[in-house]
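One structure is given here, and the rest of the page talks about it.
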Amino acid sequence: MSKTHNFQGLETVLQLDGPALDLLELALGGLADQQDLARWLCAAGYVYPDSANSRRLLLADPDGTALASVEVRPSSTISDNSLDVAQLKPLARSEHGPGRASRLTSALTTQSAVLFSEAPTVSEIHKLSLSTVASQAFLVLVSSSKRASQTDYPNQLRELHDAALLAGAQGAGHLIIPEEADMQQVVQRAVMEVLYDFRKPTDESLVQQGLVVLFSGLSGSGKSTLARSVMERIHLEMNREAVLLDGDDIRRFVSKGLGFSPEDRETNVVRIGWIASRISQVGGIALCAPIAPFAQARAQMRALAEQAGRFVLVHVNTPLEVCEARDRKGLYAKARAGLVKDFTGIDSPYEVPEDASLTLDLSTLSIEAASDQVLELIRSTHH
Ligand SMILES: Nc1ncnc2c1ncn2[C@@H]1O[C@H](COP(=O)(O)OS(=O)(=O)O)[C@@H](OP(=O)(O)O)[C@H]1O
Ligand SMILES: Nc1ncnc2c1ncn2[C@@H]1O[C@H](COP(=O)(O)OP(=O)(O)O)[C@@H](O)[C@H]1O
């Protein structure tokens, strides 16, 4: 999610993520409307129209480098709950994203272009090399931000550059257009003359969508046991990559040193959310099994995950009495005796989720029956 803070105490800095950065770059290069950028900033919750009394913002990349400054004010169109942007000024060159050197961010004024939506096929290269105009052509791969974040994208770019060499074309580059921008308009602004348009209708179902599943519940409720069973079945039955981010492992390797105060728990859960969303971004399935007792941290995890792909929350609501009776680690006994403080369910709260896609009581359901339900949910979120 976006981060807003003051830069050297002077101006508000908005740290943008992938699609917003792509849109900013297009707007700076004259390929997208500044107004599209304003709408995106509002829709994604970066700025709120009613709180913007004409102010200057610095738009930064995730490293905090300010790429542009912009003035925003509430929209002059009364019905439009958005912002007007003015004076969008570049400050630094972008360095994020794949294939930086061959990325098109302003109009190709001198060359004619051949458009692709994936790496050129052998027959397309052949057709191109026979053409009398091939030597004037520039090959352009037109992609979305989502497509460009997939792991095979660098390969596609390499194949595009090879194709340009083989066909004797002028060169190759790629245009990354976020879903929020008008693709047709960007292409028209970027390319003066289209020699061939080899683009194929994009079938989104072919782009494997990532998923984050959060199993939240009390210690001993069965989160890890269930998540492990789900992971094995995803590998076997769906032939997909799934990674288990177990609460205990994360505490050992990622959140070592953190305790169980509400602040430390939030930090822990958001870290898991960040790692999970990176897995999801490349089409993987991340299964997370922390207690995650607080709604606020779960919401942050959801926001991170939904930027990358899908998110589902499974509430493992095995009753406290059962978890306590299991007490595999003896921690409930210690908590009751006051030897362990801030123990969830004893002297630290568990806020029951109101946004769970599934609620499973593992004192009455077998692991097989529970994992059947989770698998069904996962399949239904994957078309
Ligand atoms: N005070 C306190 N409260 C709750 N749990 C405690 C506590 N101290 C240690 N443990 C052990 O730590 C595991 C929970 O860690 P999590 O990272 O999942 O918790 S949280 O999401 O950050 O709230 C949890 O493991 P699981 O049983 O796998 O859930 C406990 O074994
Ligand atoms: N139906 C069930 N589902 C999940 N766990 C069960 C079930 N019945 C018994 N158990 C036992 O309960 C314990 C749950 O522990 P674990 O999966 O580590 O929970 P958590 O990760 O929520 O702390 C395990 O020892 C598991 O064998």
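The values are calculated or read from the model by the stated rules, or taken from the named source; none is laboratory data. Predicted model, so just to flag it, every value in this text is computed and none were measured. All Cβ positions, glycine included, derive from the backbone under ideal geometry; neighbour counts span all protein chains shown. Note: areas computed on protein heavy atoms with side chains; ligands, DNA, RNA excluded. Shrake-Rupley method; radii C 1.70, N 1.55, O 1.52, S 1.80 Å.
General remarks:
- Computed over the chain, Kirkwood Rh from alpha-carbon pairs, angstrom: 23.5 Å
- Take the Cβ atoms of D361 and L236, set R0 to 30 Å, and the FRET efficiency comes out at 0.70.
- Average Cα contact separation per residue, the chain, under 8 Å, 6 or more apart, as relative contact order %: 14 percent
- A simple spin-label model places the labels of E376 and L165 5.4 nm from each other, with each point 7 Å out along Cα-to-Cβ.
- For the range 60-69, Karplus couplings with θ = phi - 60° (6.51, -1.76, 1.60), whole Hz, Gly/Pro x: 10, 7, x, 7, x, 6, 6, 8, 7, 10
- In the chain, helices alone account for a calculated mean residue ellipticity at 222 nm of -10500 deg cm²/dmol, with every DSSP H run of four or more residues adding -39,500 (n - 2.57).
- Length added when fully stretched, R310-D197, from 0.36 nm per residue minus Cα-Cα: 37.5 nm
- Packing rank of 281-288, 117-124, where each peptide gets the mean count of other beta carbons within 10 Å, highest leading: 281-288, 117-124
- Placing R0 at 45 angstrom, the Cβ-Cβ distance between S129 and R252 gives a FRET efficiency of 0.20 after rounding to 0.05.
- In percent, rounded to a whole number, the relative contact order of the range 211-381 is 33, using alpha-carbon pairs under 8 Å and six or more apart.
- Label-point separation, R228 to A369 (7 Å along Cα→Cβ), nm: 2.2 nm
- The distance from the alpha carbon centre of the range 253-268 to that of the range 111-174 is 47 Å, rounded to a whole number.
- The chain: most fluctuating residue of S221, S143, S366 per GNM, C-alpha cutoff 10 Å: S366
- Fraction of antiparallel bridges per DSSP, the chain only, in percent to nearest 5: 30 percent
- Top of V213, V254, V142 by mean-square fluctuation, Gaussian network on the chain, Cα under 10 Å: V254
- Accessible solvent surface per residue of the chain, calculated while the other protein chains remain in place, 1.4 angstrom probe, Å²: 48 Å²
- Theoretical FRET efficiency, 1/(1+(r/R0)^6), r = Cβ-Cβ of L91 and R328, R0 41 Å, to 0.05: 0.15
- Virtual spin-label span in nm between E321 and A295, 7 Å along Cα→Cβ: 2.7 nm
- Oblate is the label for the range 228-378, because a/c, from the alpha-carbon gyration tensor with a ≥ b ≥ c as root eigenvalues, is 1.5 or above and a/b does not exceed b/c.
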